[in-house]
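The structure appears below as structure tokens.
The values are calculated or read from the model by the stated rules, or taken from the named source; none is laboratory data. Since the structure is predicted, the reported quantities are computational estimates derived from the model, not experimental observations. Every residue, glycine among them, receives a Cβ derived from its backbone with ideal geometry; neighbour counts consider all protein chains shown. Areas reflect the complete protein model, heavy atoms only, side chains present, ligands, DNA and RNA absent. Shrake-Rupley method; radii C 1.70, N 1.55, O 1.52, S 1.80 Å.
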Amino acid sequence: MKLSVIGCGYLGAVHASAMVELGHDVVGIDVDADKIAQLAQGRPPFFEPGLSEILTSATATGRLRFSTDIADAAGAQVHFIGVGTPQKPGSHAADLTYVDAAITELLPYLAEGDLVVGKSTVPVGTASRLADLITDSGSGASLVWNPEFLREGFAVQDTISPDRLVYGVAPGEAGERSVTLLNEVYASAIAAETPLVVTDYATAELVKVAANAFLATKISFINAMAEIAEVTGADVTQLADAIGFDARIGRRFLNAGVGFGGGCLPKDIRAFTARAEELGRGESVAFLKEVDQINLRRRSHVVDLATAALGERLHDGKVAVLGLSFKPHSDDVRDSPALDVAVQLHGLGADVVASDPKSVENAQAKHPQLRYSHVIAETLQDADLVVLVTEWPEFVNIDPVWAATLVKTPTIIDGRNALDAAAWRAAGWTYTGMGRP
Ligand code: UDX
């Protein structure tokens, strides 16, 4: 089938390539000419495991094209909208400028029977407003809201084999036709009996923000337990293991540490709160403000631990920061706790040298005031303090005996509870974890 994918960021670039992998003919469209030029040459504009491979093979088939001109969407039967919905500056609400522009600019190129598929995360109520726009244009196209649940680092796998599909459709016959068409696009997932929830627009929109709100709450819950563990001498890791054995709770997303970040969870819980307030139901999700506060406190906690460890050396001591991306296997530094900690320590006067396997350039573009290194040994050399804030295997597997020979003072703060505390202590390090002795 002929598809267009509008917006070629973390979501759209993966989606476009993955749809070719599934046998479709795809045009990827984005306003960013540099991004489009890189993608057209088969080069991913960001790091995502497996993307380079599927992009190369998709380009080789001749069934994947990229363009900056939305007119090139004409002729496709299904149009995916994967543009960003960032946090509005000075507000907690989502900025819908890009979604609105994508739909408005697409309208003249829609034909009778076309399907517009919204994948961006939007405040509840957006899809029905956009559906009206599409209907009023007289194009004869219809809209489905089909939220995307991909995780960065696993985006290719999550797109090709999602754990569930959610379609928010229009009522009646138009909705039924949309389901048939979208099932054709996702034929392999449907054949694999992937759970499918067909629902209305509002539910589909809410599924996405509710899922992210739940995950954020789970992480902040365990981080709240870490705060209690820190004043009682308890071990939050063992606590997570023990409660996680209860199948109703589950162990995943119970890793205490410096907290969550990235382009989704933080802005999505804030946008959800803002939207609920608009709807007069602010109290229903007021707890998400607390979830956000707990999360941000973890960053301050790491900074406080570092300040205490450095003492008078805060103003001239060298701090080696291991990690910049918001999680391993990604080069994304949006709302990254790791980068935030590095910036805060630098702001307090420390001589910060930060390293990351994939995100140095992205971090440098945002915060040129920090010192960066691609080499772990150079980062550790003569450090007064080491702070691990992203649990990349390259950092987790550092030999503590070797590392001790490089630093000035063998003191480490493990902001992700990712290291073997006993091994680091045995190698002479003063080790501090998050909520564990
Ligand atoms: C998230 C959702 O998981 C995904 O379904 C949605 O589509 C987009 O948002 P992503 O942003 O890629 O995906 O990251 P995720 O794996 O959810 O991690 C988010 C943050 O939580 C990271 O900073 C991670 O380090 C942190 N985290 C995760 C914890 O601090 N503890 C945990 O136990 C798990």
Take K267, K408 and sort them by solvent-accessible surface of the protein heavy atoms, 1.4 Å probe, largest at the top. K408, K267
Estimated inter-spin distance, A426 and S67, nm [label 7 Å along Cα→Cβ]: 6.2 nm
Can you order the peptides 324-336, 6-18, 224-236 by their average number of other Cβ atoms within 10 Å per residue, highest first? 6-18, 324-336, 224-236
May I ask you to compute the full-extension gain from Q157 to E290, defined as 0.36 nm times their residue separation minus their alpha-carbon distance, rounded to one decimal in nm? 44.6 nm
Checking segment 1-93 for trypsin sites (Lys or Arg not before Pro) in a loop per DSSP with at most 10 other beta-carbon atoms within 10 Å yields none
At R0 = 51 Å the Cβ-Cβ FRET efficiency linking S137 and R43, nearest 0.05, sits at 0.90
Degrees separating the helix 97-106 axis from the principal Cα axis of the chain, which is the longest one: 30 degrees
Report the label-to-label distance for A101 and T307 in nanometres (one decimal), using points 7 Å from each Cα along the Cα→Cβ vector. 4.0 nm
For segment 298-432, which whole percent of the accessible surface, found with a 1.4 angstrom probe, sits on carbon and sulfur atoms? 53 percent
Expressed in nm to one decimal, what extension gain is obtained for the pair V401 and E361 from 0.36 nm per residue of sequence separation less their Cα-Cα distance? 11.4 nm
For Cα pairs less than 8 Å apart in space and 6+ apart in sequence, what is the mean separation divided by the residue count of segment 258-414, i.e. the relative contact order in percent? 24 percent
Past the 43 angstrom mark, what percentage of all C-alpha to C-alpha distances in the chain do you count? 18 percent
Gap separating the Cα centres of segment 52-121 and segment 377-422, nearest whole Å: 42 Å
Using 21 Å as the Cα-Cα cut-off, could you pick out the over-long pairs in K119/K327; K119/K267; K35/K88; K327/K408; K88/K267? K119/K327; K35/K88; K327/K408
Computed over the chain, protein heavy atoms only, probe 1.4 angstrom, the accessible area per residue in square angstrom equals 42 Å²
Taking R0 as 30 Å, what's the FRET efficiency between E173 and E193 from their Cβ-Cβ distance, rounded to 0.05? 0.70
With an 8 Å Cα cut-off and a minimum separation of 6 or more residues, compute the relative contact order for the chain in percent. 12 percent
